[in-house]
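The values are calculated or read from the model by the stated rules, or taken from the named source; none is laboratory data. Treat the numbers as computed from the prediction; the structure is a model and nothing was measured. All Cβ positions, glycine included, derive from the backbone under ideal geometry; neighbour counts span all protein chains shown. These accessible areas exclude ligands, DNA and RNA; they are computed on the full protein's heavy atoms, side chains included. Shrake-Rupley method; radii C 1.70, N 1.55, O 1.52, S 1.80 Å.
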Amino acid sequence: MSRAEPPPRFSLITDESLASLRKLIDAPVEDSVEPWCSEATRDGIRHWAHGIGDDNPLWCDPSYAARTPYGRIVAPPSFLFALNRSFSGYVAGLPGVHAMFAGIDVTWHRPILLGEQFTTSARLQDLVERKTRFAGRSIQQIYRCEFRGTDGALLAEGDSWCFRTERDTARERGTKYDAAKTRKPVRYTREDLAKIFALYEAEEIRGAAPRYVEDVRVGEALPRMVKGPMTVTGFIAFAQGWGGLYIRAGKLAWKQLRKHPGLGIPNEHGIPDVPERVHWENELAMLVGTPAAYDYGPERCSWMSHQLTNWMGDAGFLTRHHVEIRRHNPVGDTLYIDAEVTGKSEDRVEISQRATNQDGELSATAKAVVRLPSRSPESGR
């Protein structure tokens with residue numbers, strides 16, 4: 001006589017819940033949480049930049065920024081994540097089913113300047129059923145977002161997406177992390193850390209020196225960027241600049257759980273707490289199928305654009321970025337971001353990026369378009 005499977009601990013993706021969610025396609029998101037930032041303030045920009053480990057003076061130093069053509073502080077392109085919750089992974093429907101942030105495809109139309117006030121809009125664009133090694137049946141949930149400035153003009157627009165996955169299925173049947181779960185925890189020697197810290201020491205912010213499009217060649221490599229080794233402290237630093245999705249205290253935490261009871265997963269003390277704990281609690285991270293507490297998806301996308309803004313300098317402008325996240329970065333991982341120029345036309349260059357961990361496993365890929373200044377005043381007209 002076969003043994004019956006235990007009942008699921010977490011919610012499942014059902015045809016009924018998926019059909020209910022499909023009814024929201026193309027409808028504007030109206031019942032959402034207030035964004036972390038509704039204005040580009042000096043502190044908000046600096047907190048965001050520091051949360052992704054970026055000390056570019058264009059974002060952080062008012063006296064430096066005053067001497068640039070902008071005349072004031074500019075926000076990093078990835079600051080968009082702090083402006084709209086849906087864009088950052090605050091998804092609707094399928095209560096109790098996990099959401100893994102998995103990518104963006106964004107176009108920027110102009111820089112984000114100090115003092116800008118924002119109006120944003122979002123809608124559920126599509127639901128695509130996928131088969132994954134991580135959790136079998138998964139649902140790619142895609143949102144379309146627009147970001148407008150003080151004058152109402154479009155600052156940026158694009159898509160972001162999450163994968164909705166069954167936590168029990170990922171933990172019990174997923175095969176993506178079989179090898180990672182059997183490895184010994186990574187341990188760094190002084191020599192290992194010295195090599196990582198040397199990359200930080202060598203990190204170059206192009207800054208005020210223009211990188212002219214004429215000086216760039218196809219096949220040229222961008223300087224390697226390192227992020228890590230991953231720590232819970234680092235993940236919390238990011239959440240401080242970004243605001244998190246469900247991080248609330250006291251009465252506000254209670255009101256959130258009252259409105260969305262599916263968010264409450266009892267902790268070791270029996271207290272219902274939010275699924276965002278996967279970023280600082282190994283136990284819950286393993287319950288959803290990952291090897292350990294891991295980084296945030298928007299954080300990873302922002303690291304990829306950090307490499308680009310370092311390289312392009314103050315006069316460059318990131319016009320498009322398409323990022324696909326391929327695996328989680330658990331505590332202990334170190335991420336290495338490499339890139340090269342793959343195309344060039346007039347005042348724009350195309351760049352391909354690839355991020356791998358210390359074991360050579362692919363973590364993220366990206367394609368970008370960057371506008372650069374020209375030595376010729378006629379270029380790009």
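Observations on the structure shown:
- When you filter the GluC sites (Glu not before Pro) in the stretch 250-310 for DSSP loop state and at most 14 other Cβ atoms inside 10 Å of their Cβ, you are left with GLU268.
- When the chain is treated as a GNM with alpha-carbon contacts under 10 Å, the residue of GLY289, GLY71, GLY207 showing the greatest mean-square fluctuation is GLY71.
- Heavy-atom surface analysis with a 1.4 Å probe gives the stretch 192-284 a carbon and sulfur content of 57 percent of its accessible area.
- Axis of helix 297-312 versus longest Cα principal axis of the chain: the two differ by about 10°, to the nearest ten degrees.
- Given the choices (1) 238; (2) 175; (3) 163, volume of the Cα convex hull per residue in Å³ derived from the coordinates of this structure is entry (3).
- Charge sum, other residues only, whose C-beta stays under 12 Å from ALA198's C-beta, Lys/Arg counted +1 and Asp/Glu -1: -2
- Under-5 Å amide H pairs with ILE265, H placed in peptide plane, nonlocal only: ASP273, VAL274
- Pair ARG67, THR342: separation of 7 Å Cα→Cβ label points (nm): 3.7
- When the Gaussian network model of the chain links Cα atoms closer than 10 Å, the mean-square fluctuations of LEU114, LEU24, LEU155 top out at LEU24.
- For the stretch 299-381, with all protein chains in place and a probe radius of 1.4 Å, 44% of the accessible heavy-atom surface sits on carbon or sulfur.
- GNM top mover of THR14, THR68, THR356 - the chain, alpha-carbon springs below 10 Å: THR14
- Folded to 0 to 90 degrees: helix 42-51 orientation relative to the chain principal axis, Cα: 60
- Note on ARG9 and HIS260: the model spin-label points, each 7 Å out from Cα along the C-beta direction, lie 2.1 nm apart.
- Radius 9 Å from Cβ of ILE52, net charge of other residues (Lys, Arg +1; Asp, Glu -1): -1
- Seen from GLY158, the other residues with C-beta closer than 10 Å to its C-beta sum to a net charge of -2, counting Lys and Arg as +1 and Asp and Glu as -1.
- Separation between Cα centres of the stretch 239-274 and the stretch 80-124, rounded to whole Å: 20
- For the stretch 4-130: accessible area per residue (Å², 1.4 Å): 48
- Principal-axis tilt of helix 232-242 within the chain, Cα atoms, nearest 10 degrees: 70
- For the stretch 24-95, chymotrypsin sites (Phe, Trp or Tyr not before Pro) are listed when DSSP marks them as loop and at most 15 other Cβ atoms sit within 10 Å of their Cβ; the list is TYR70.
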